[in-house]
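Notes for the one structure printed next.
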Amino acid sequence: MDYEKVFADAIAAIHDEGRYRVFTDIVRRRGDFPRATRFETAEESRQVTVWCSNDYLGMGQHPDVLAAMHGALDEAGAGAGGTRNIAGTSHYHVNLEEELASLHRKEAALLFTSGYISNEATLSTLARILPNCVVFSDAQNHASMIQGIRNSGARKHIFRHSDVQHLEELLKASDPKAPKIIAFESVYSMDGDIAPIKEICDLADQYGALTYLDEVHAVGMYGREGGGIAQREGLEHRLTVIEGTLGKAFGVMGGYIASSRKLIDVVRSYASSFIFTTALSPVLTAGALASVRHLRKSNVERQKHQERAAYLRRAFNSAGLPVMDAESHIVPLLVGDPVLCKTISDMLLNDHAIYVQPINYPTVPRGTERLRFTPGPLHSDAMIEALVKALSIVWDQLGLQRIAA
């Protein structure tokens with residue numbers, strides 16, 4: 001077999017569909033976020049404004065976070081030294097897990113190297129450990145949740161996105177004696193909509209199911225202490241597992257789950273992708289801990305962030321740009337074509353020094369390709385006005401239709 005031809009053909013197929021992904025070579029500028037330096041060649045670079053970062057609150061630049069990371073580097077060095085079982089657990093890990101458990105009002109928490117791994121490891125372990133388990137998964141769940149459910153080998157049912165009536169129909173038709181898990185997200189990252197958490201918890205109580213809530217796009221962002229949508233709605237106690245990330249609003253890296261002490265111990269003891277993975281470095285855990293502690297006390301970043309998202313949405317609407325409806329901080333513009341989406345992204349970057357990545361299949365369904373903007377508290381009025389002006393120019397250059405305000 002000509003292996004290289006197989007690889008070349010696979011890449012060519014993505015190119016033909018117009019969804020080949022190009023990594024933009026940038027370096028974020030400390031103290032100047034959301035500005036970054038884009039490297040166009042080895043010798044040439046220029047400043048760009050980043051509009052697609054998941055560092056939603058700019059905490060990756062916060063002085064408390066940076067100071068904590070410098071301190072941990074000086075005290076403990078660079079790496080963790082191994083897996084959590086073999087030399088990798090430090091007091092930094094213990095402190096952060098205790099803080100996250102407290103944030104979500106749970107008995108315990110467990111750290112992972114990413115939000116993807118926390119979903120995959122936990123769902124695959126729980127659904128495999130529970131005998132004859134049936135998993136009920138929202139149709140728009142993240143790929144990591146889908147992979148975890150698939151790896152468990154458990155039976156699964158997919159309910160229409162946030163459709164509690166369809167979920168109840170599936171629950172009614174299932175074996176009443178079988179253990180059940182309902183897996184869903186709070187904020188869906190591409191459309192920006194929010195799940196009906198209370199109604200799903202009501203069904204879980206009625207049909208004897210565990211609830212698994214992915215809050216990765218909500219932790220740090222919502223609730224009186226940044227505990228997410230469940231905290232904002234006063235529903236933390238009704239969720240069996242709350243999963244979150246340290247790489248978005250908290251601005252560092254890593255993932256975690258918070259739950260009962262026994263459930264956490266089961267995942268810690270049985271999940272292969274936890275057991276055999278090198279632990280997060282003390283530097284990262286120290287920075288994440290400083291970020292969580294700051295956002296538990298401060299609402300300034302959250303309030304400013306919500307104001308910026310609302311401001312950008314109004315500006316898009318006023319300019320007749322096709323902004324999608326959303327309840328959250330995510331502001332997507334619908335394009336509907338992968339080639340056109342990439343073209344707009346390239347024109348913004350090359351002609352206007354504005355960096356926003358195209359979102360194409362398989363991240364979103366074909367025909368719903370979009371530009372996903374994530375305004376934050378550090379995006380100024382001038383930056384927003386420059387963005388809207390640039391988009392308007394590009395829209396007109398490409399002959400795209402505006403929407404009447």
Unmet criterion (only one of (1) of a type outside the set (Gly, Ala, Ser); (2) part of a helix (DSSP H, G or I); (3) under 30 Å from Ala390 (Cα atoms)) for Tyr20 | (2)
Only one residue in Phe136, Phe112 is more than 26 Å from His294 (Cα to Cα), out of contact with any Pro (no Cβ under 7 Å at 6 or more places or on another chain) and surrounded by 15 or more Cβ atoms within 10 Å (Cβ to Cβ), so which one is that?
-> Phe136
Taking the stretch 247-263, which residues are among the hydrophobic types (A, V, I, L, M, F, W, C) and either open to solvent by 10 Å² or more (accessible area, probe 1.4 Å) or closer than 19 Å to Asp64 by Cβ (or both)?
-> Ala249, Phe250, Val252, Met253, Leu263
Pairs with Cβ under 6 Å, 6+ apart, first in the stretch 125-152 and over 23 Å from Lys177 (Cα atoms), second assigned to a loop (DSSP other than H, G, I, E, B) and modelled with pLDDT under 95 | Gln140/Tyr188
Mind listing whichever residues of the stretch 88-101 are within 21 Å of the chain's Cα centre (by Cα) and open to solvent by 30 Å² or more (accessible area, probe 1.4 Å)?
-> Glu99
For the subset of the stretch 373-405 comprising residues that are assigned to a loop (DSSP other than H, G, I, E, B) and under 27 Å from the mean Cα position of the chain (by Cα), which member is surrounded by the fewest Cβ atoms within 10 Å (Cβ to Cβ)?
-> Ser380
Within the stretch 44-65, is even one residue without any contact (Cβ under 8 Å) to a residue 40 or more places away in the chain, open to solvent by 80 Å² or more (accessible area, probe 1.4 Å), within 30 Å of Gly336 (Cβ to Cβ) and not acidic (Asp, Glu)?
-> no
Conditions: (1) under 30 Å from Ile393 (Cα atoms); (2) open to solvent by less than 20 Å² (accessible area, probe 1.4 Å). Gly244 meets all but one. Number of the miss?
-> (1)
Looking at the stretch 321-335, is at least one residue among the small types (Gly, Ala, Ser) and over 19 Å from the mean Cα position of the chain (by Cα)?
-> no
Would a scan of the stretch 369-380 turn up a residue that is in contact (Cβ under 8 Å) with a residue 24 or more places away in the chain, out of contact with any Phe, Trp or Tyr (no Cβ under 7 Å at 6 or more places or on another chain) and at positive phi?
-> no
Taking only pairs six or more apart or across chains, which ones have beta-carbon atoms under 9 Å, a first residue in the stretch 170-191 that is under 17 Å from Ile242 (Cβ atoms), and a second residue that is assigned to a helix (DSSP H, G or I) and not hydrophobic (A, V, I, L, M, F, W, C)?
-> Ile182/Tyr207; Ala183/Asn119; Ala183/Gly148
Scanning the stretch 328-372 residue by residue, those assigned to a loop (DSSP other than H, G, I, E, B) and of a type in the set (Phe, Trp, Tyr) turn out to be Tyr361
Can you tell me which residue among Thr37, Thr41 is among the polar types (S, T, N, Q), free of Cβ contacts under 8 Å to residues at least 24 places away in the same chain and exposed (fewer than 14 other Cβ atoms within 10 Å of the Cβ)?
-> Thr41
Which numbered condition Ile182 fails, given (1) within 22 Å of Tyr270 (Cα to Cα); (2) surrounded by fewer than 21 Cβ atoms within 10 Å (Cβ to Cβ) = (2)
Hits in the stretch 322-356 - residues which are polar (S, T, N, Q), crowded, with 16+ Cβ neighbours inside 10 Å and out of contact with any Gly (no Cβ under 6 Å at 6 or more places or on another chain) = Thr343, Ser345
Go through the stretch 339-353 and count every residue that is touching a helix residue (DSSP H, G or I) at 6+ places or on another chain (Cβ under 6 Å) and at pLDDT below 95.
-> 0
Val27, sole failed condition from (1) open to solvent by 60 Å² or more (accessible area, probe 1.4 Å); (2) in contact with a helix residue (DSSP H, G or I) (Cβ under 9 Å, 6 or more places away or on another chain); (3) hydrophobic (A, V, I, L, M, F, W, C); (4) not in a helix (DSSP H, G or I) = (2)
Within the stretch 186-196, residues in contact with a helix residue (DSSP H, G or I) (Cβ under 7 Å, 6 or more places away or on another chain) and either of a type in the set (Ser, Thr, Tyr) or more than 10 Å from Val164 (Cα to Cα) (or both) come out as Ser186, Val187, Ile194
Tell me which residues, restricted to the stretch 257-267, are in contact (Cβ under 8 Å) with a residue 60 or more places away in the chain and more than 22 Å from Gly228 (Cβ to Cβ).
-> Asp265, Val266
Among the residues of the stretch 115-133, write down those that are over 24 Å from Val219 (Cα atoms) and either β-branched (Val, Ile, Thr) or open to solvent by less than 10 Å² (accessible area, probe 1.4 Å) (or both).
-> Ala127, Ile129, Cys133
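The values are calculated or read from the model by the stated rules, or taken from the named source; none is laboratory data. Note that the coordinates shown come from a computational prediction; the quantities given were computed from them, not determined experimentally. Cβ: placed from backbone, ideal geometry, glycine included. Neighbour counts: every protein chain shown. Surface accessibility is based on the protein's heavy atoms, side chains included, excluding ligands, DNA and RNA. Shrake-Rupley method; radii C 1.70, N 1.55, O 1.52, S 1.80 Å.
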